[in-house]
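Scroll down for the structure; my scribbles are underneath it.
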Amino acid sequence: MNFRMVPDSIQKLSLLEDATQFEPAGDQPMAETAGAQPRPPKPLPCIADVSTPSGPKPILKAMMTTACERNCFYCPFRAGRNKTQRVSYTPDEMAKTYDTIQRAGLVEGLFLSSGIIKGGAQTQDKILGTAEILRKQYGYRGYIHLKIMPGAEYDQVRRAMQLADRVSINLEGATAERLAALAPKKDYWNELFPRLQWISRLRREEALRASVVTQFVVGAVGDTDLELLHTSDHLYTQLGLRRAYFIAFNPVSQTPFEHLASVSHQRTFRLYQASFLLRDYGWSVEDLPFLSSANLPLDVDPKLAWAQENLREAPVEVNRAERSELLRVPGIGPKTADAILRERRHRHIREMGHLRALGLRDVQKAAPYMLLDGNLAQRQLSLF
Ligand code: SF4
């Protein structure tokens with residue numbers, strides 16, 4: 001691409017660096033936030049591979065401005081932090097910049113966030129203005145994920161849902177108290193939570209299809225896994241949340257939290273595993289194997305921990321179990337459970353090889369917790 005076409009705005013994109021690196025935007029957040037894993041170099045640091053509903057895509061993760069009037073304790077863009085180089089775009093400029101690099105084939109989608117200047121509603125106008133220009137002026141039909149600002153108005157939320165494929169509102173804390181400890185100028189019950197309720201209502205009443213996600217900063221202010229998963233479960237079951245993202249706290253210099261310890265990615269990995277059990281496997285928060293600290297054990301998959309406790313003496317009979325019971329077996333996910341149910345209409349399943357053919361990848365993991373026509377599946381493995 002000839003970057004000389006729009007030198008100033010592209011240069012500004014370079015200044016954004018990977019400003020939104022801690023904000024996963026796609027469907028595989030663990031892969032997106034696994035900072036230690038080497039990634040193939042991108043032409044700009046703010047371009048990231050993101051899993052979208054229509055497959056993985058290179059996405060521009062941009063901000064309208066990296067200036068902010070708020071002072072969230074964990075954030076590199078907080079007001080007064082002079083280590084941050086502030087970069088701002090007008091809607092025209094951002095739309096043109098995106099259009100240019102999209103036509104050059106560098107990106108196939110846009111994730112657009114912003115620091116807050118002159119309040120959430122004015123900032124939201126700039127985000128919406130960019131999306132309007134892209135959709136109307138440039139005729140762009142591709143993927144857009146828009147951030148909803150704290151304090152955005154109802155009509156702005158509606159417009160964002162009309163323009164975008166996905167919207168996000170970051171609760172940051174699992175409760176109002178945790179949010180207050182993380183971000184004293186954000187108001188959980190007035191600025192954030194009601195917007196999630198509006199989105200749920202707009203999806204229901206106006207059939208707007210944009211999905212909604214949220215994000216939690218994990219481990220900076222004593223938050224527990226139980227709190228985080230309890231709130232996530234409520235959002236999944238009551239408000240139709242598509243995904244909760246868990247971001248391991250990492251201290252940023254020149255912030256009030258600069259001396260706090262960073263949180264291990266293993267913790268957020270276990271939180272993702274548990275949240276998928278809540279969202280996709282019909283589990284309730286009470287099923288999860290919390291320690292007395294109200295956190296999950298770090299050294300074992302929560303599903304495996306539950307099976308060790310509950311299925312060793314009462315393995316699941318694959319030929320008679322309900323779907324929900326099959327989903328309790330480590331290694332059996334929704335697709336494999338459905339394949340087993342379909343297969344059972346025609347024949348009994350007696351062999352581990354049969355289960356492999358139905359999609360069970362890790363037979364070693366599943367075998368101790370299953371019966372095949374009354375026989376312990378584990379016995380078949382010992383014959384190999
Ligand atoms: S409002 Fe957003 S950009 Fe501003 S300090 Fe808080 S987290 Fe950072």
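The values are calculated or read from the model by the stated rules, or taken from the named source; none is laboratory data. The shown structure was predicted, so the numbers you read here are calculated from the model rather than taken from an experiment. Methodologically, a virtual Cβ is constructed for each residue, glycine included, from the backbone with ideal geometry; neighbour enumeration extends over all protein chains shown.
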- Message: With the condition being farther than 30 Å from residue 228 by Cβ, I'd like the helices (runs of 4 or more DSSP H) fully within the stretch 294-364 carrying at least 2 qualifying residues.
- Response: 334-344, 352-357
- Message: Here is a check on your reading of the model: is residue 260 in contact with a helix residue (DSSP H, G or I) (Cβ under 6 Å, 6 or more places away or on another chain) and either closer than 23 Å to residue 171 by Cα or of a type in the set (A, V, I, L, M, F, W, C) (or both)?
- Response: no
- Message: Just to confirm my filter: which helices (runs of 4 or more DSSP H) fall fully inside the stretch 177-290 and include at least 3 residues that are polar (S, T, N, Q)?
- Response: 225-239, 265-280
- Task: Return only the number of the condition from (1) more than 31 Å from the chain's Cα centre (by Cα); (2) crowded, with 16+ Cβ neighbours inside 10 Å that residue 340 does not satisfy.
- Result: (1)
- Options 376, 326, 360, 298: the member that is in contact with a Ser or Thr (Cβ under 9 Å, 6 or more places away or on another chain) and at pLDDT below 95: 360
- Message: For the structure I just gave you, tell me whether residue 111 is modelled with pLDDT under 90, under 17 Å from residue 168 (Cα atoms) and of a type in the set (Phe, Trp, Tyr).
- Response: no
- Return the total of residues in the stretch 58-117 being over 30 Å from residue 187 (Cβ atoms), in a loop (DSSP other than H, G, I, E, B) and not small (Gly, Ala, Ser). 3
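Results for (1) surrounded by fewer than 20 Cβ atoms within 10 Å (Cβ to Cβ); (2) within 16 Å of the ligand (Cβ to nearest atom); (3) in contact (Cβ under 8 Å) with a residue 12 or more places away in the chain, shown as yes or no for each residue.
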residue: 104; (1), (2), (3): yes, no, yes
residue: 121; (1), (2), (3): yes, yes, yes
residue: 126; (1), (2), (3): no, yes, yes
residue: 146; (1), (2), (3): no, yes, yes
- Where a residue in the stretch 87-101 is within 18 Å of residue 143 (Cβ to Cβ) and its partner, wherever it lies, is small (Gly, Ala, Ser), with Cβ under 6 Å and at least six apart: 97/9
